[in-house]
Amino acid sequence: MDIFFLGTGAGMPAKLRNVTSIAFKLLEERGAVWLFDAGEATQHQILHTSIKPRRIEKIFITHLHGDHIYGLPGLLSSRSFQGGESEITVYGPKGIKEYLHVSLSVSQTYLKYPLKVTEIDEGVIFEDDQFTVEARLLDHGIPSFGYRIVEKDRPGTLLADKLMEAGVQPGPIFRKIKNGEVVTLEDGRVIEPSKFVGPEQKGRVVAILGDTRYCERSILLAKNADLLIHEATFSKGEEKLAYDYFHSTTHQAADIAKQADCKQLYLTHISSRYDRNAWRELVDEAKEIFPNTDIAEDFKEINIPLK
């Protein structure tokens, strides 16, 4: 499980930061990539990475401001020419369906794969046997969602060495024991899975928030998360400006992480007013409240290890 930042800037593309897009790489877990937002030139950013558009399975849009969606029609179109044949589901606020319909129909774009568009409300918007995705409305000028991605607990590791010491050879029996089945061997011995499988591996939690003022729902989404990705459009001391423009400061993002008892905070949606030299200052500001803070940069990748 890895996070790859494709774009980390606010408002409009800049030389050092493209507008927002985050790739959630689940290659080991499900052989897929999920995108969160697709600002202008997202597909250009992907060209400089090892990410394959055909592996994109789901796209979650936080809100309908241009710096979060202008790259979506182009990306969906190009995927048809890049071997993409599997279905994509796009999740987003009301209006995302009309936006894509108009964009694709007016440009007479034909997709070679099924496209499903789901307009969301608060609550669980996706669940399967591996993951649950919950959405909550934040506080922005237009409806803006934050997403909480919860990986379900995994079965424990099969203690293969211990099984072989007990005279059980690798094969279908290993799989049955791994799946929790009680197995009776040919010699009559009964193998209890609990004795040959380690403890469950706790699932990981990631919170990816859209643009927002400081709000309580952010804390709920980020509760006990292994990673919180929160916007920090403004520096500390600019709370009035952040409020007026429906955004957050470094201190506010850090306070959310602290109250939610997160493990790690990454600041993103950085205004172009801050040059490279100022980025470290933004991190230092957040660390005054939440020490385990870093700043997102375009093409930066971080791993979220199993617990």
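The values are calculated or read from the model by the stated rules, or taken from the named source; none is laboratory data. The structure presented is a predicted model; accordingly, all values stated were derived computationally and were not measured. All Cβ positions, glycine included, derive from the backbone under ideal geometry; neighbour counts span all protein chains shown.
Conditions (1) in contact with a Ser or Thr (Cβ under 6 Å, 6 or more places away or on another chain); (2) in the same structural domain as residue 289 (by TED's automatic domain parsing); (3) closer than 19 Å to residue 144 by Cα; (4) without any contact (Cβ under 8 Å) to a residue 24 or more places away in the chain, marked per residue:
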{"position": "234", "(1), (2), (3), (4)": "yes, yes, yes, no"}
{"position": "237", "(1), (2), (3), (4)": "no, yes, no, yes"}
{"position": "252", "(1), (2), (3), (4)": "no, yes, yes, no"}
{"position": "255", "(1), (2), (3), (4)": "no, yes, no, no"}
{"position": "258", "(1), (2), (3), (4)": "no, yes, no, no"}
{"position": "269", "(1), (2), (3), (4)": "yes, yes, yes, no"}
Handout entry: strands (runs of 3 or more DSSP E) enclosed by the range 256-307 - at least 3 residues per element that are of a type in the set (Val, Ile, Thr), at pLDDT 95 or above and in contact with a Pro (Cβ under 7 Å, 6 or more places away or on another chain)
Key = none
Practice task
Identify all residues within the range 15-45 that are in a loop (DSSP other than H, G, I, E, B) and of a type in the set (Gly, Ala, Ser); write none if there are none.
Solution key: 31, 38, 39, 41
Practice task
From the list 116, 112, 97, pick out the single residue that is part of a loop (DSSP other than H, G, I, E, B) and either assigned by TED's automatic domain parsing to the domain that holds residue 68 or surrounded by fewer than 13 Cβ atoms within 10 Å (Cβ to Cβ) (or both).
Solution key: 112
Problem - Residue match in the range 153-175 (condition: in a strand (DSSP E or B) and closer than 22 Å to residue 262 by Cβ) - result: yes
Practice task
Might you check whether a residue that is in contact with a His (Cβ under 6 Å, 6 or more places away or on another chain) and closer than 30 Å to residue 122 by Cα occurs anywhere in the range 187-210?
Solution key: yes
